[in-house]
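The values are calculated or read from the model by the stated rules, or taken from the named source; none is laboratory data. This is a predicted model, so every value here is computed, not measured. Backbone-built Cβ (ideal geometry, glycine too); neighbour counts: all protein chains shown.
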Amino acid sequence: MKRLSTAFIVFIIVGCQNNIQQINYPNTRESDHTDVYHGVAVADPYRWLEDDMSDETAEWVKLQNKSTFGYLKKIPFRKKLEKRIKSLNNYEKLEFFGDAVLRLAASNFIEKKYPQMSVGERSELRAQIVSDEWLIKLGKKVDIEKLIIKGPKALGDENSKNTIIGESTEALIGALYKCFNSIKEVNLWLDDIWEEDSEIFLKAPYKFKSKTVLQEWCQSKGFDLPVYKIIEVSKKNGDPKRFSCDIFIEGLKESSAFGKSHKQAETNAARILIEKFITIGKI
């Protein structure tokens, strides 16, 4: 194995040597400037370059850039490398594309699995199985975070981390479609996951759309819409008890819950209230 590796390396080096360009570096003037530190004379022949406002320094920089960029432009694989780097870094386009692919694949799954569903029911189910929360769960399931290089701002921020996981998963779905130029492979991957998740949703839809269910219940009783009152309890991002939510119906406090965000706190409080109403037979 070592012999093969060495031979390969030698082959690469020889190949590179055959393509080495001769670089003619601009001449850099040396002065006779000397500094004395603690009685010791230290020559500094390039001190003049520290004067970045001088015409001589400006001309030197101009010639250096001309030499450097002239060399880079002659690298035979430069354009191919630039194109490859741009394609790898442009995950936002793949994410945008993946959003459309995901919705189409989900529509295919629902059509095949639940052909009896009405258009409204299909829209409701699809919204659940392509939601941001679902994408984050899928991303964590396939451990996509191991492939993501995150910036320092995202390292300690749970919300930012989850957003990146969801967006990257959507980009992965877009890349899968582009790779095969077919929606079939996307459905082959996701249909089994959707089958399990959709069954969970259909058994207890209020757990996933509790605010909507609560609003519809209030309207059916002739009540005003529920009032959600949010209090920020903590300033720490990702804290599961950062926000507290109380729900009032007809002026009476009916439910309370915590959440990492406004939305999560409201959803949790609504879900708890719906479960309470189901238990006592109000729904």
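Residues that are at pLDDT below 90 and charged (D, E, K, R) were ranked within segment 149-205; the one that is farthest from LEU138 (Cα to Cα) is LYS153. As a summary of the residue check, THR212 satisfies the conditions (1) of a type outside the set (Phe, Trp, Tyr); (2) free of Cβ contacts under 8 Å to residues at least 24 places away in the same chain; (3) surrounded by fewer than 13 Cβ atoms within 10 Å (Cβ to Cβ) except for the one numbered (3). If the condition is being within 29 Å of the chain's Cα centre (by Cα), of a type in the set (Val, Ile, Thr) and closer than 22 Å to SER220 by Cα, then segment 231-283 contributes only THR267. Across segment 36-84, what is the total count of residues that are of a type outside the set (Lys, Arg) and not in a helix (DSSP H, G or I)? Of the residues in segment 36-84, 18 are of a type outside the set (Lys, Arg) and not in a helix (DSSP H, G or I).
Contact annotation: residue pairs with Cβ atoms under 8 Å, 6 or more positions apart or on different chains, pairing a residue in segment 104-125 that is without any contact (Cβ under 8 Å) to a residue 12 or more places away in the chain with a partner that is among the aromatic types (Phe, Trp, Tyr), are GLU121/TYR114.
Taking first residues from segment 60-78 that are touching a residue at least 40 places away in the same chain (Cβ under 8 Å) and partners that are surrounded by 12 or more Cβ atoms within 10 Å (Cβ to Cβ), the Cβ contacts under 7 Å between residues at least 6 apart in sequence or on separate chains come to SER67/PRO26. In this structure, does GLU275 turn out to be outside the structural domain of SER160 (by TED's automatic domain parsing), within 20 Å of LEU125 (Cβ to Cβ) and either not aliphatic (A, V, I, L, M) or not in a helix (DSSP H, G or I) (or both)? When the stated conditions are applied, GLU275 does not pass them. For the structure I just gave you, tell me whether ASN187 is assigned by TED's automatic domain parsing to the domain that holds LEU104 and in contact (Cβ under 8 Å) with a residue 24 or more places away in the chain. In short, yes.
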